[in-house]
Amino acid sequence: MAPKAKSVKPPGSTIGAKPSKMKGRPKIRDDDDMTEIGDLGDDSYVHGKTLVKPDDQLDLTEVELKEEFTRILTANNPHAPQNIVRFNFKERTYKQTSSVEQIAIHFALDGNMLHKDSDEARRQRAKAGMGESKSEAALSEAGEEEGGEGEDGEKEEVVEAPPPKKESLRNQFNFSERASQTFNNPYRERGTATEPPPRANFSSTANQWEIYDAYYEDLQKQEKAKDKTKQIPTYRKEDDKTKKKLVAMETASDDISRVTRAAKIVERMVNQNTFDDIAQDFSYFEDASDEFRDQEGTLLPLWKFSFDKAKRLAVTSICWNPKYVDMFVVGHGSYDFTKQGRGMLLFYTLKNPSHPEYIYSTESGVMCLDIHPIYQYLVCVGFYDGSVGVFNTQEKRPGPVYKSTAKSGKHTDPVWQVKWQKDDLDNNLNLYSVSSDGRVVSWTLVKDELIYADVIKLTVDDLPTEGPDGTQLQLLGCGTSFDFHKKIDYLFLVGTEEGKIHKCSKAYSSQFLDTIDAHHMAVDAVRWNPFHPDIFISCSADWTVKIWDHNYGNQAMFTFDLNSAVGDVAWAPFSSTVFAAVTADGKVHVFDLNINKYEALCEQSVVQKKKTKLTHIEFNPRHMIICVGDERGYVTSLKLSPNLRKVPKKKKGEENVGIDHEIEIAKLDKILSLVREPDN
Amino acid sequence: MSEVEETIKRIQSHKGVLGIIVVNSEGIPIRTSLDNSTTVQYAGLIHQLTMKARSTVRDIDPQNDLTFLRLRSKKHEIMVAPDKEYLLIVIQNPSE
């Protein structure tokens, strides 16, 4: 039998084989591959085909024995781990190494062969070569020394320090030294001293606001740059020239002019100190005695405003600024027909009682004025000579910006009242004026002109009277005051010198809507109630103040006799039932219909000399003070005591809500209903 | 220009005002109604105080700025109105 050599099985390899039956002879395997044996003649082999089972062999069935198992020969290292997981710092996770080394080294041996051209090989060769030449050199040296010069006189064997190569033999112990000194140049020093650069100490703080400022300036520059690029380039040259001039001018001008703003502030501060007690009163004083007097109130005098140049002129009109409620405008002129002179227009603020903010001098007396509700720098003024002017406080002109002339339709008689109206359709400013010449005129500001339009003529009778030549003349009444309805735009009232009040509409220019025979003498003031749409008040030189309902024109709702010619009357802005009137005997009368329907709550004289007539009165839109002007040119501000300014109590939680119009209207209605006749 | 002059004159002649000083941004007095030594002293000290006050206000909120400063003492009151380049100092005796 051919003995089958057992192959040396490398670890991990298996040989695909069929299940073999274990035999007693371990050397021989019973494989299918062994068919070439052909050793069937071997008796011992054939006999040897007896099954010898070891004791612990598995007992398998025939089917199981026939079962085929597939073994695959691979090159994988069975001992190599299949899944190595390493921490990846880049991704910060554990990651499986995709491929693991399958090499298993069984035996390693480092050889000692060198390449002949490598450094080490050369070195070794050199060493070996030198060893041969060593003996040669010793021989040659011995020969030379006998006949050679002995400068150093030392014979030493070279054996101790062999030179690396035959070519360059260096005698390290026989050497000579030579030195020489060169000529040293003398040293020369040259120096210059320069002027030290000028020094200045600079210190600064880096605050949040400095950084903010720097950014802000930068932003401004950028915006300017943007604007400049938008300009037309042809004008640039001219602009540059003018700019240069301006710049030179600014730096040369007196430095003091730049302190304007600070000076104004300081002036106000100084005044605040001087009038400190008045300022405190204005804010905080409340008359405590009002609690004990139910139906009486007082007026506390506060600041007094006067200007030297206006001392001889009467106060002809006062108007509070609707937006900046501490400012008001006073017009000065003269009511005396014989003493007509110039006039003044003064802008005051409560913060500076000693000097007006703006001063305008006019040729003719100012009779009336009005501040535009939206553009508070525009003030329209009516003059004694019948012209109408508009002042613009933003521009630094000494006179009016617009003025009506004889050509442009100015009145032929003094203008008694002017009022701004809403802008017309072309967004032009619009104002109305009424005058003794019997015309109500509407003026429109177009570019730089005042264009007039007659609104209505105040005719006296329906029938025209006969004139001197038989011509038909229309007698015109003299308008003395007017007022426009707060809500209904076209409706307005005109008071005349004859004592009549005409109800007119802007739409109808020839007819009145209604005429009321209000007073026996000239109607000095007509005012609509700021809350109630139907009620208006009128005062006259016939000593009376009357309250009307325009639906019932034949009779006044209330009449008050004040024992003296009434100069002006005004409704309070905070209540529908409070109003105040001023009389020629220097008294201010304050009424509250809610509390007392027949008498004034307060009758107080506010003038120093009893003969001074009070000419105008105005309530401040926000604070509880009134401004009273007299014929001597003084304007006095007074504070209303609590009794005079009662407003209906507000419900809890609604304290901050503004004045409730409906409540005010209802309050007035209630009072009126008591007065009205039951069958109306 | 004359408007400012007028205002300053008015302030000077106002009741209780002892003096008025205009100081520029470096602390040098430009115009004064007091004597030299007092002016220099006031200008230097008040200037520093105003700068500090302004810095404080603006540090808290950079969009804010100092409008005026009042310093009330037993004898009188010093009022300072700072401007971009100038400083106006007024000394007043308020109780007069």
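The values are calculated or read from the model by the stated rules, or taken from the named source; none is laboratory data. Note that the structure is predicted; figures quoted are calculated from it, not measured. Cβ atoms come from the backbone with ideal geometry, glycine included; neighbour counts cover every protein chain shown.
Could you tell me which of the residues B:LYS74, B:LYS52 is at pLDDT 90 or above, within 12 Å of another protein chain (Cβ to nearest Cβ) and surrounded by fewer than 19 Cβ atoms within 10 Å (Cβ to Cβ)?
Values: B:LYS74 fails: within 12 Å of another protein chain (Cβ to nearest Cβ).
Going through B:LYS74, B:LYS52 in turn, just one is at pLDDT 90 or above, within 12 Å of another protein chain (Cβ to nearest Cβ) and surrounded by fewer than 19 Cβ atoms within 10 Å (Cβ to Cβ): B:LYS52.
Counting only residues that are at pLDDT 85 or above, assigned to a strand (DSSP E or B) and not aliphatic (A, V, I, L, M), how many does region A:369-415 have?
Residues meeting the conditions: 7.
Answer yes if at least one residue in region A:288-298 is touching a helix residue (DSSP H, G or I) at 6+ places or on another chain (Cβ under 7 Å), away from chain B (no Cβ under 12 Å), crowded, with 19+ Cβ neighbours inside 10 Å and modelled with pLDDT of 85 or more, and no otherwise.
Within region A:288-298, not a single residue is touching a helix residue (DSSP H, G or I) at 6+ places or on another chain (Cβ under 7 Å), away from chain B (no Cβ under 12 Å), crowded, with 19+ Cβ neighbours inside 10 Å and modelled with pLDDT of 85 or more.
Would you check if A:VAL578 is in contact (Cβ under 8 Å) with a residue 60 or more places away in the chain and under 21 Å from A:TRP320 (Cα atoms)?
Working: in contact (Cβ under 8 Å) with a residue 60 or more places away in the chain: yes; under 21 Å from A:TRP320 (Cα atoms): yes.
Here the answer is yes, as A:VAL578 does meet what is asked.
I'd like the full set of residues that are crowded, with 21+ Cβ neighbours inside 10 Å and either of a type outside the set (Val, Ile, Thr) or in contact with a helix residue (DSSP H, G or I) (Cβ under 8 Å, 6 or more places away or on another chain) (or both), limited to region A:596-617.
A:ALA600, A:LEU601, A:CYS602, A:LEU614, A:HIS616
Before we move on, is B:TYR42 of a type in the set (Phe, Trp, Tyr), in contact (Cβ under 8 Å) with a residue 60 or more places away in the chain and under 23 Å from A:GLN272 (Cα atoms)? Show your work before the answer.
Numbers: of a type in the set (Phe, Trp, Tyr): yes; in contact (Cβ under 8 Å) with a residue 60 or more places away in the chain: no; under 23 Å from A:GLN272 (Cα atoms): yes.
Spelling it out, it is not the case that B:TYR42 is of a type in the set (Phe, Trp, Tyr), in contact (Cβ under 8 Å) with a residue 60 or more places away in the chain and under 23 Å from A:GLN272 (Cα atoms).
So which pairs qualify, if the first residue must be in region A:198-218 and within 12 Å of chain B (Cβ to nearest Cβ), the second must be modelled with pLDDT of 90 or more and not in a helix (DSSP H, G or I), the Cβ gap must be under 8 Å, and the two must be at least 6 apart or on different chains?
none
Could you please give the count of residues in region B:77-96 that are surrounded by 12 or more Cβ atoms within 10 Å (Cβ to Cβ) and closer than 20 Å to A:THR274 by Cβ?
First, pick out the residues of region B:77-96 that are surrounded by 12 or more Cβ atoms within 10 Å (Cβ to Cβ): B:77-83, B:85-94.
Filter once more, keeping what is closer than 20 Å to A:THR274 by Cβ: B:77-81, B:88-94.
Total satisfying the criteria: 12.
Can you find even one residue in region A:546-554 that is basic (Lys, Arg), in contact (Cβ under 8 Å) with a residue 24 or more places away in the chain and within 30 Å of A:SER641 (Cβ to Cβ)?
Of all residues in region A:546-554, those basic (Lys, Arg) come to A:546.
When the remaining residues are screened for being in contact (Cβ under 8 Å) with a residue 24 or more places away in the chain, the result is A:546.
This time we only want the ones that are within 30 Å of A:SER641 (Cβ to Cβ), so: A:546.
Checking region A:546-554: at least one residue is basic (Lys, Arg), in contact (Cβ under 8 Å) with a residue 24 or more places away in the chain and within 30 Å of A:SER641 (Cβ to Cβ).
Among residues belonging to region A:305-320 that are assigned to a strand (DSSP E or B) and more than 41 Å from the chain's Cα centre (by Cα), point out the one that is farthest from B:SER95 (Cα to Cα). Let's see the steps before the verdict.
Of all residues in region A:305-320, those assigned to a strand (DSSP E or B) come to A:305, A:314-320.
Restricting the remaining residues to those that are more than 41 Å from the chain's Cα centre (by Cα) gives A:314-316.
Details: A:ALA314: 33, A:VAL315: 32, A:THR316: 36 Å.
Filtering region A:305-320 for residues that are assigned to a strand (DSSP E or B) and more than 41 Å from the chain's Cα centre (by Cα), the one farthest from B:SER95 (Cα to Cα) comes out as A:THR316.
Do you know which of the residues in region B:6-21 that are more than 7 Å from chain A (Cβ to nearest Cβ) and out of contact with any Leu (no Cβ under 9 Å at 6 or more places or on another chain) is farthest from A:GLN272 (Cα to Cα)?
The initial filter retains those residues of region B:6-21 that are more than 7 Å from chain A (Cβ to nearest Cβ), namely B:6, B:9, B:12-13, B:18-21.
Going one step further and asking which of them are out of contact with any Leu (no Cβ under 9 Å at 6 or more places or on another chain), we end up with B:6, B:9, B:12-13.
Values: B:GLU6: 19, B:LYS9: 17, B:GLN12: 15, B:SER13: 15 Å.
Among them, the one singled out is B:GLU6.
Out of the residues in region A:531-548 that are surrounded by fewer than 21 Cβ atoms within 10 Å (Cβ to Cβ) and over 14 Å from A:LYS500 (Cα atoms), which is nearest to the chain's Cα centre (by Cα)?
A:PRO533
Note down all Cβ pairs under 9 Å where the first residue falls in region B:72-96 and is farther than 19 Å from B:ILE8 by Cβ, the second is in a loop (DSSP other than H, G, I, E, B) and among the charged types (D, E, K, R), and they're at least six residues apart or on different chains.
Taking only residues 6 or more apart or on different chains, the pairs are B:GLU96/B:LYS15.
Matching residues to (1) modelled with pLDDT under 80; (2) touching a Cys at 6+ places or on another chain (Cβ under 6 Å); (3) of a type in the set (Gly, Ala, Ser):
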| position | (1), (2), (3) |
| --- | --- |
| A:ASP31 | yes, no, no |
| A:THR70 | no, no, no |
| A:GLY111 | no, no, yes |
| A:HIS115 | no, no, no |
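Inspect all residues belonging to region A:331-347 and state whether any of them is in a loop (DSSP other than H, G, I, E, B) and in contact with a helix residue (DSSP H, G or I) (Cβ under 6 Å, 6 or more places away or on another chain).
No.
Can you run down the residue pairs with Cβ atoms below 6 Å, 6 or more apart or on separate chains, where the first is in region A:269-290 and more than 29 Å from A:ILE595 (Cα to Cα) and the partner is surrounded by 14 or more Cβ atoms within 10 Å (Cβ to Cβ) and modelled with pLDDT under 80?
Between residues of region A:269-290 that are more than 29 Å from A:ILE595 (Cα to Cα) and residues that are surrounded by 14 or more Cβ atoms within 10 Å (Cβ to Cβ) and modelled with pLDDT under 80, the close pairs are A:ASN273/B:PRO94.
For region A:269-284, how many residues are more than 7 Å from every other protein chain (Cβ to nearest Cβ) and surrounded by 19 or more Cβ atoms within 10 Å (Cβ to Cβ)?
Of the residues in region A:269-284, the ones more than 7 Å from every other protein chain (Cβ to nearest Cβ) are A:271-272, A:275, A:277-284.
Right, trim to surrounded by 19 or more Cβ atoms within 10 Å (Cβ to Cβ) and you get A:271, A:275, A:278.
Within region A:269-284, residues that are more than 7 Å from every other protein chain (Cβ to nearest Cβ) and surrounded by 19 or more Cβ atoms within 10 Å (Cβ to Cβ) number 3.
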